[in-house]
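Here is the structure we will look at, set down as structure tokens.
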Amino acid sequence: MRKLFVFLALTAFSAGIFAQELDSLQNIMNKKDVPESAESSDDSVVEPVIVDDGQEEINIKVLDKEVLRVVEKGDSTYISVGEKDIIQVINQPDSTSIRVGDKEIRIVERDDDTDVSIGNIDDDEDWDEEGISNPKFRGHWAGFGWGINNFLDEDNTISREGDNAFMDLNTGRSWAVNLNVAQYSLGFGTSHFGAVTGIGLEFNNYFFDGDNTIAEVDDYVVGIDTANVSKSKLTSTYLRVPLILEVQFPSTIRAKRVYISAGIVAGLKLGSHTKVIYKDNGSRSKDKSNDDFNISPFRYGVTARVGFGGLSVFGDYYFSTMFVEDKGPSLNPFTVGLALEF
């Protein structure tokens, strides 16, 4: 690393001196008609090379033009060549990155191995005009999730009896699949804390534990018994939009941070249907019914997740009931599962 630093310093210094000589030659050519007896009234002394050595930052300037900047921040060293950061070198405890334009050469040392990769620059961190690290916050929402569904009733239990027994679920088969396709992160002046929103799709499968399905009778959801049932489920699809606050525990690399997030989530129903697979006279039959089943067209609730890197455990609970009020059992959906963030 030291050899690289010296090489960059000499390159920048030579470039500055070379540019200085060209400017001086051009000035002489432009002033060839000025009498030799003309005296300059400017008695100020101009230092061609200035080295500003601070506690955490070193600046090297040639004729007031910055050619090299070195910033020490924590365990990392940031080196920038040129006023427009033509070349950046970021030296961290376990890696070194060399950035030229929008490309990055990344050297990572793991045990006795050294990995070298070339790719686009990660947007997690920028520099401001003062050469100070200006990290960008990037939260966790976009990705893929899988979990299990169920309901909480008015007694805060997942088991139902009596008139609502038809909504008792086989939890092990009642899966939820989340596909969060986009996100937007807003940092609060740090890469460790901010707000996250986005958009996603939620597919919920509710497998009934009994030999029944559901239907609307007199504008109310009731259970319908079916003989010889091998599979009976209710499926709903929602478009979701969250508003989440997230905190990430300190680390120089985003992929090695622990994070906790919580907030609200709203959903708009896109569709719903039931499917029943049963045996009829020894043959396998299937009935599928597309209907709204008085399912709430809009729902809202809370969401939370705890994760490390790109893997998290999440939970969603909806304050809105599964069915429209007074048109079905009063049940609040919830989901618990695992998520892989992009």
Report the local net charge at residue 280: Lys and Arg +1, Asp and Glu -1, summed over other residues whose C-beta lies under 12 Å from its C-beta.
-> +2
Simple spin-label estimate for residue 159 and residue 219 in nanometres, 7 Å along Cα-Cβ = 3.6
Taking the Cα centre of segment 143-341 as the origin and placing charges on Cβ (Lys, Arg +1; Asp, Glu -1), which of 282, 200, 181 is farthest toward the positive end of the dipole?
-> 181
When 163, 292, 113 are ordered from fewest to most other Cβ atoms inside 10 Å of their Cβ, what list results?
-> 113, 163, 292
Within 10 Å of each residue's Cβ, count the other Cβ atoms and sort 80, 285 from fewest upward.
-> 285, 80
Along segment 178-195, Karplus-curve 3J(HN,Hα) (6.51, -1.76, 1.60; θ = phi - 60°) to the nearest Hz, with x for Gly and Pro, reads 10, 10, 8, 8, 8, 8, 9, 10, 10, x, 9, x, 8, 7, 9, 8, x, 10
Given labels modelled 7 Å from the Cα in the Cβ direction, how far is it in nm from residue 203 to residue 255?
-> 2.9
Residue-wise HN-Hα coupling along segment 263-275, computed from phi with Karplus coefficients 6.51, -1.76, 1.60 (Hz; x: Gly, Pro) | x, 10, 9, 10, x, 10, 6, 9, x, 7, 7, 10, 9
Per residue, how much space in cubic angstrom lies within the convex hull of the C-alpha atoms of segment 143-341?
-> 120
State the extension gain, in nm to one decimal, for the chain segment bounded by residue 92 and residue 325, taking 0.36 nm per residue of separation less the distance between their alpha-carbons.
-> 78.2 nm
Would you mind ranking 259, 184, 238 so that the residue whose beta carbon has the fewest other beta carbons within 10 Å leads the list?
-> 184, 259, 238
Between their Cα atoms, which of 61/136; 233/327; 279/327; 231/288; 233/286; 231/279 are more than 22 Å away from each other?
-> 61/136; 279/327
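Here, each number is a calculation from the coordinates, and none is a lab measurement. Note that the coordinates shown come from a computational prediction; the quantities given were computed from them, not determined experimentally. So basically every Cβ, Gly included, is an ideal-geometry build from the backbone, and we count neighbours across all protein chains shown.
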